[in-house]
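Structure first, then comments.
The values are calculated or read from the model by the stated rules, or taken from the named source; none is laboratory data. Values in this document were obtained by computation on a predicted structure and should not be read as measured data. Glycine also receives a Cβ, built like all others from the backbone with ideal geometry; neighbour counts cover every protein chain displayed. Note: accessible area is taken over every heavy atom of the protein model, side chains too, but ligands, DNA and RNA are not part of it. Shrake-Rupley method; radii C 1.70, N 1.55, O 1.52, S 1.80 Å.
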Amino acid sequence: MYTKLKKFLTLELQHFKTSGIYKEERVLQSPQGARIIVKGKEVLNFCSNNYLGLSSHPKVIAAAHQALDKWGFGLSSVRFICGTQELHKQLEKKLAQFLRMDDAILYAACFDANGGVFEPFLSEDCGVIADALNHASLIDGIRLTKAKRYIYQHADMDDLESKLKDSQSDMFRMIVTDGVFSMDGDIAKLPEICALADKYDALLLVDDSHATGFVGSTGRGTPEYCGVEDRVDIITTTFGKALGGATGGATVGRQEMIDMLRQRSRPYLFSNTLAPVVAGATIAVLDLLSETTELRDKLERNTLYFRKGMKSLGFNIKPGTHPIVPILLYEAKPALKLATQLLNEGIYVVAFSYPVVPRGQARIRVQISAAHDRPDLDRALEAFAKIGKELGVI
Ligand SMILES: *Cc1c(COP(=O)(O)O)cnc(C)c1O
């Protein structure tokens, strides 16, 4: 039975390899951190979402141990049967408080949060108005509704307004955007988006996966950064990036909306509860971030330092303030070459090219972390200078 499909898959995979889009996974031989071991060699890591250095933070590990001992390994149940511990309720309350929203609901991943956030609210006579560069999980979540889809050009407010005009007759409308777009590190224009949401009576959902914990002066994310904290209706976010990086996600927002998600959101109703060890450690993360802004402040200083350093070396970086620093090489080959040679220098970065980014926009995407110290950043800058000159890109 398999013969026909096997032949097809083999050819297809071969095609991926010859066209350079086959993804190889590098195997780490160490915990996640500023320094990781790859192929027996220690390298400086500049490509993880470990923005605050919490993936292997001693306080987070200790909290995980405690939760494991006290609450067990797994719950073997969905939330509404017997999968809710006090720990899960605490985490939901803490997260809602941290983001200054009414309530929160936990999911196994932000992918699931996004998969389950549209269908309960939007039927076929409603509309979703989405940024063209939204994350795959938002795109998939929107596919699961029968609502009409309106896609506006990335960050184009005129186009957003025209889509809002086109959809005037829809019953409910929801504008949907990433808070931070992961390939460019650019932040959604929330002040303008909120103004349009008000003007056209639309709801607003922001996926703040690349922001929660560190963007904004106290790490509350893009609504804080943009000064629109009380104007966003729903935030979805992940625990898999800055908040310890294990797994898990959440939808945070207005009370009735969260109440309805508990009744109707399919990835919540039909998928296992978050592991207690993740819930316990994430509570510790939120406590830590509520006590002090030290880590996000260090991340901000590191980001500024690295961006400035790269600019003065003559690299063409996308302007911005986010720790995602895209370094444009335009063509795929030099980007790949730069990344490969940097790894030889002990600097781990990744090159992205078409189809992950538009043609002619190939780049290295550096991600800065609070786990980096100044000498780490200097080492990276030196390596970029050396290899950049060798390859003639600066
Ligand atoms: C990483 C990411 C997700 C997925 O989060 P997981 O918890 O890993 O499923 C969703 N949305 C955005 C914008 C992301 O960057």
Reachable lysines from K199, criterion Cα separation under 28 angstrom, eight or more residues apart if same chain: K146, K148, K163, K165, K189
Given 10 °C and 1.306 mPa s, compute D for the range 75-147 with the Stokes-Einstein relation, Rh being the Kirkwood radius over Cα pairs; round to the nearest whole µm²/s. 113
For a protection proxy built on the mean count of beta-carbon atoms within 10 angstrom, sort 208-215, 56-63 highest first, please. 208-215, 56-63
Point-to-point label distance, S30-D140, nm (Cα→Cβ direction, 7 Å offset): 3.2
Solvent-accessible area of L338 with every protein chain in place, 1.4 Å probe, in Å² to the nearest 10: 0
Among C47, H88, L295 - extreme Cα towards positive end, dipole of the chain, charges at beta-carbon: C47
Kirkwood Rh and Cα Rg combined as Rg/Rh, the range 198-354: 1.04
For a bin width of 10 Å, list the pair-distance distribution of the range 223-280 built from all Cα-Cα distances, rounded to whole %. 19, 43, 34, 4
Once all protein chains are kept in place, R143 shows an accessible area at probe 1.4 Å, nearest 10 Å², of 150
Give me the one-decimal Kirkwood hydrodynamic radius in Å for the chain, with the sum taken over alpha-carbon pairs. 22.2
Per-selection Kirkwood Rh - the range 58-291 (Cα, Å, 1 d.p.): 17.7
Taking 0.36 nm per residue of separation and subtracting the Cα-Cα distance, what length does fully extending D230 through D158 add? 23.6 nm
Packing rank of 199-205, 245-251, where each peptide gets the mean count of other beta carbons within 10 Å, highest leading: 245-251, 199-205
Given the protein chains as shown and a 1.4 Å probe, how many square angstrom of T273 are accessible, to the nearest 10? 10
How compact and how long is the range 19-177, expressed as Rg and Dmax of its alpha-carbon atoms in Å? 20.9, 61
K241, K146, K337, ranked by accessible area, largest first (probe 1.4 Å): K146, K337, K241
